[in-house]
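Structure record follows, encoded as structure tokens.
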Amino acid sequence: MRFFIVGVATLLLVPSAAAQSRWTVSAGPEWTPVSSVTFYGARLRAEYDLIKPTGPLRLRFEAGGFWSPTQSYYDSFSIPDLGSFGGTRQIFDLQFGLSAALTPLPRARFSPYVVMAAVARQSWRRGSGWVQSPGAPVQYTRSTYSARDILLQPGIGIRARIAGRMFQVEMRRVEHSNALLIGTSLPF
């Protein structure tokens, strides 16, 4: 009887590779280097496999978002006579689209891949800035705006099957930023 209970519990608690979920959730940091300043934020993404994820080609629908806290920056121009600038910046975006990934080893325990995504993005930005030139008064600006665009996002990644679950680490270029996302397939 104990053997039967342990066997049933093992089947229910450890998902098999054949019953792999089509849903993947990923999260991680995103950073944007600008001059001598780097802005940081967090990106979250959910992906759904449109075709069975057992072959070398993966086609996915994805949706996600990005958030950065309000960050201050300051920099002096490389030529000292030009002055300095600074300000604050905050960004939030939502995006959805399709991604295609190609892997040479689709059923291996560790499977590297390349990915290309086409996403529609709606972003909101808020910030302020100032410029100080030698001998001139400080010039202040404030801006709040939103924008819509369509982006191509190339990337590379590796998927790993560990204890019957699929995990992935993916690095993508998001316009002028870099995102490193760590994700796992959902257990349903």
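Along the charge dipole of the chain, pointing to its positive end and built from +1/-1 on Cβ of Lys, Arg, Asp and Glu, which listed residue (TYR74, THR38, LEU151) has its Cα farthest out?
With unit charges placed on the Cβ atoms, the residue in question is LEU151.
Mind checking the per residue accessible area of the range 77-152 for me, 1.4 Å probe, whole number of Å²?
Working: 5010 Å² over 76 residues.
In whole numbers, the range 77-152 has 66 Å² accessible per residue.
Leaving out ligands, DNA and RNA, what percent of the accessible area of the chain is carbon and sulfur, probe 1.4 Å? Don't skip to the answer; put the middle values down first.
On the way: 8010 of 11520 Å².
C and S fraction of accessible area: 69 percent.
For the chain, I need the span (max minus min coordinate) of the C-alpha atoms along each principal axis, in Å, sorted largest to smallest.
Taking max minus min along each principal axis of the Cα atoms, the chain gives 86, 35, 27 Å.
Sorted by mean Cβ packing within 10 Å, highest first, what order do the peptides 169-181, 141-153 take? Please report the intermediate quantities before stating the final value.
Working: 169-181: 17.5, 141-153: 11.2.
Answer by packing, highest mean first, reads 169-181, 141-153.
Please give the calculated 222 nm ellipticity per residue for the chain, where each DSSP H segment of at least 4 residues contributes -39500 (n - 2.57) and the sum is spread over every residue; nearest 500 deg cm²/dmol? If you can, show how the numbers build up before the last one.
Working: 1 runs with 12 residues, N = 188.
Mean residue ellipticity, 222 nm, calculated: -2000 deg cm²/dmol.
Output ³J(HN,Hα) for the range 91-100: one whole-Hz value per residue in order, computed from phi by the Karplus curve 6.51 cos²θ - 1.76 cosθ + 1.60 with θ = phi - 60°, and x for Gly and Pro.
9, 9, 9, 10, 8, 8, x, 10, 10, 10
The values are calculated or read from the model by the stated rules, or taken from the named source; none is laboratory data. As the structure is a prediction and not an experimental result, all values here were calculated from the model. Cβ: placed from backbone, ideal geometry, glycine included. Neighbour counts: every protein chain shown. Areas reflect the complete protein model, heavy atoms only, side chains present, ligands, DNA and RNA absent. Shrake-Rupley method; radii C 1.70, N 1.55, O 1.52, S 1.80 Å.
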